[in-house]
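The values are calculated or read from the model by the stated rules, or taken from the named source; none is laboratory data. Quick caveat, the model's predicted, so the values are computed rather than measured. Please note: Cβ atoms are built from the backbone with ideal geometry, for glycine as well, and neighbour counts cover all protein chains shown.
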Amino acid sequence: MAIARLDGTLEHANAYLCRMLGVRSGEPVELPFNLLEFRVGPGGQDAGEAKYRELRIHSSSGNMLDVLYAVYPLCDDAGVVTHYVHFFQHLGDDRQLERLSRLAFHDNLTGLPNRNLFDDRLARALAVGQRNRSAFALLYIDIDHFKQINDTFGHETGDELLREIAARLVQSVRASDTVARWGGDEFVAILDGVTDQRSAACITSKLLTTCGELYVVRGHEFRITLSVGASFYPRDGHDAALLLERADRAMYEVKARGRNGYCIEESPSDYGLTAA
C-alpha cells in the first residue's frame, strides 16, 4: 500500500511494497494508472470512483509479478482530492489465500462445506428468514451401520464410499440448497424455501432413493441406508442450536424405529414418523 501526492511523490509506502517494487517514501514513482481516468466533479472534486485492474509488473528483484492494482482518491474536508491511495496485491498470495480458505471451510475428504461454512450458511438462512419472513427445512443425515463398512473393508474403501455418497446427496437436492459434512458419517442440509412437510418429504424421499442405489467401490458392492431427521424454521425454532437439536432428535427417532427412513417432527414436542 502507498499514499501518493498528486505529483506522484510517495508520502508513505509500507514495507511490503518497498520490498516488492524497491521504492521508498519521499520518492516520486511512476504508477500504473493514468489518474486522469478518474471522473472529476465540479470544483475539481473527484466523483470517488475507485479504479482497479490486473497488471504484470517488474519486482525489485527483476521478476515479473501478477498483481491486482487498485487506486482510490483521498479527499479533504471540502471534498477535493489531495492524495491517492494505491494498493498492490500479489495474485500469487491471493491464490494461496483461496487454497487456505478452502481448507478452512470445506471438508478435505468430500469437498463439501464443513461445519465452519455450514454454520455461516445457516446463520445467513436465519437472517434472511427473519428479514423476509421466509422458511426453510434443516435435515440431519446419518449413514446407517457405516462403522461396519470401515471395520470390514478398511478406511480407504470407507472414504471412497463416503465421497460417492456425498456426491449423491448433492445430486438429490437443488442448487439453492446446502449439503455439508457434519463429521464422520453424518451430514446436514439446508433446504431453502421448503416450508411444509410434504415438500420436505418429497426431497427426502428422493435423497433416500438416490443414495440407496448400488455402489461399486474397489471391487465391492454396497447398498446403504440413511436415517434422516428434519426440523423447520421458524416453526421449530428461531436459532441454529435449537433447529439442529430437533433435527438430530428426529433422526434418532428413525434409528429407534429400525433405521432407513426419515422423521419430520409434528411439533416441538411430538416427533412423528412420516416414512420409514
### Summary
If we keep only residues of the range 171-200 that are free of Cβ contacts under 8 Å to residues at least 60 places away in the same chain and surrounded by 17 or more Cβ atoms within 10 Å (Cβ to Cβ), then the residue farthest from L244 (Cα to Cα) is S172
### Message
Scan the range 251-259 and tell me whether some residue there is farther than 25 Å from K147 by Cβ, modelled with pLDDT under 95 and more than 24 Å from the chain's Cα centre (by Cα).
### Response
no
### Task
Kindly indicate whether E245 is out of contact with any strand residue (DSSP E or B) (no Cβ under 7 Å at 6 or more places or on another chain) and not in a helix (DSSP H, G or I).
no
### Task
Answer yes or no as to whether I165 is closer than 26 Å to A200 by Cα, without any contact (Cβ under 8 Å) to a residue 60 or more places away in the chain and buried (at least 19 other Cβ atoms within 10 Å of the Cβ).
yes
### Task
Return the residue satisfying two criteria in turn: it lies in the range 209-268 and is free of Cβ contacts under 8 Å to residues at least 24 places away in the same chain and hydrophobic (A, V, I, L, M, F, W, C), and of such residues it is surrounded by the most Cβ atoms within 10 Å (Cβ to Cβ).
L242
### Message
So in the range 1-36, with the set limited to residues that are assigned to a loop (DSSP other than H, G, I, E, B) and touching a Lys or Arg at 6+ places or on another chain (Cβ under 9 Å), which one is modelled with the highest pLDDT?
### Response
P32
